[in-house]
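Undergrad: Sharing a structure below in structure tokens format, with a few things to ask.
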Amino acid sequence: MTPAPVPERVEKNGPLPELVSSMVAMDAFSQALTNPLLSEHVWGNPKNKLLAFTQDGIKVIELAGIGPGPYAGQLLADMGADVILVERAGKDASMMDLGKYTIVNRGKRSLALDLKDPVAIDAVLRLIDGADGLIEGMRPGVMERLGLGPDICLARNPHLVYGRMTGWGQSGPLAKVAGHDLNYIALSGALWFS
């Protein structure tokens, strides 16, 4: 299989195009994590541990969500990464209670934290200090309001790969809108064909 073309230069923490779907972003994240041929181009660090073909010895923090985030965590866990799932605790827990029987949680360790509690935020930041990657799928601005945005996390751990998956990107006219497959095919006109 031929790897996807690599841009001449990929900036660490550089902006993504405004309307990148979460699946396209996840595919790029997955290729960067698993394709050793891309190592010299990704994030300007050819020795990044995340570019090894196998994920043994890699620690990834996943903040509970739906869709591509848990699936990415599942794939990384399947390849040997130590994935720590931070699930929601407290009154919001039932909304995201996917539980141990959900297939995307296989191979992951988990803990439940109330991310509105400063003690819980400190616990997540301590996990991030020793992590290689973070996966989150919150709406734009939520991680920053929680004190877990990329600026804070990367200041603590400059080698962290911060993976964000949102339906319509972090800015732009649809950034605050939930994005799912039906939205994409309807807006693109592809729904007309089905």
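Undergrad: So which residues in region 116-145 are assigned to a helix (DSSP H, G or I), within 26 Å of His180 (Cβ to Cβ) and either without any contact (Cβ under 8 Å) to a residue 12 or more places away in the chain or open to solvent by 40 Å² or more (accessible area, probe 1.4 Å) (or both), if there are any at all? Walk me through how you get there before you give the answer.
TA: So the first thing to find is which residues in region 116-145 are assigned to a helix (DSSP H, G or I), and the list is 118-129, 142-145.
Subset that is within 26 Å of His180 (Cβ to Cβ): 142-145.
Val142, Glu144, Arg145, listed by residue number.
Undergrad: Considering each of Gly179, Gly167 in turn, give the residue that is in contact with a His (Cβ under 7 Å, 6 or more places away or on another chain), open to solvent by less than 40 Å² (accessible area, probe 1.4 Å), assigned to a loop (DSSP other than H, G, I, E, B) and at pLDDT below 85. Steps first, please.
TA: Details: Gly179 fails: in contact with a His (Cβ under 7 Å, 6 or more places away or on another chain).
After ruling out the rest, the residue left standing is Gly167.
Undergrad: Same structure again: So Leu125 fits all but one of (1) within 20 Å of Gly57 (Cα to Cα); (2) in contact with a strand residue (DSSP E or B) (Cβ under 9 Å, 6 or more places away or on another chain); (3) among the aliphatic types (A, V, I, L, M); what number is the exception?
TA: (2)
Undergrad: Next question. Any residue in region 92-115 that's assigned to a loop (DSSP other than H, G, I, E, B): show its pairings with residues that are open to solvent by less than 70 Å² (accessible area, probe 1.4 Å) and at pLDDT 55 or above at Cβ separation under 6 Å, as long as the two are six or more apart or on different chains.
TA: Gly107/Ala77; Lys108/Ala77; Lys108/Val83; Lys108/Leu85; Asp114/Ala89; Asp114/Gly90; Asp114/Ala120; Leu115/Leu146
The values are calculated or read from the model by the stated rules, or taken from the named source; none is laboratory data. Here the structure is a predicted model, which means the values were calculated and not measured. A quick note on method: Cβ atoms are made from the backbone with ideal geometry, for glycine too, and the neighbour counts reach across all protein chains shown. Heavy atoms of the whole protein, side chains included, go into the accessibility calculation; ligands, DNA and RNA do not. Shrake-Rupley method; radii C 1.70, N 1.55, O 1.52, S 1.80 Å.
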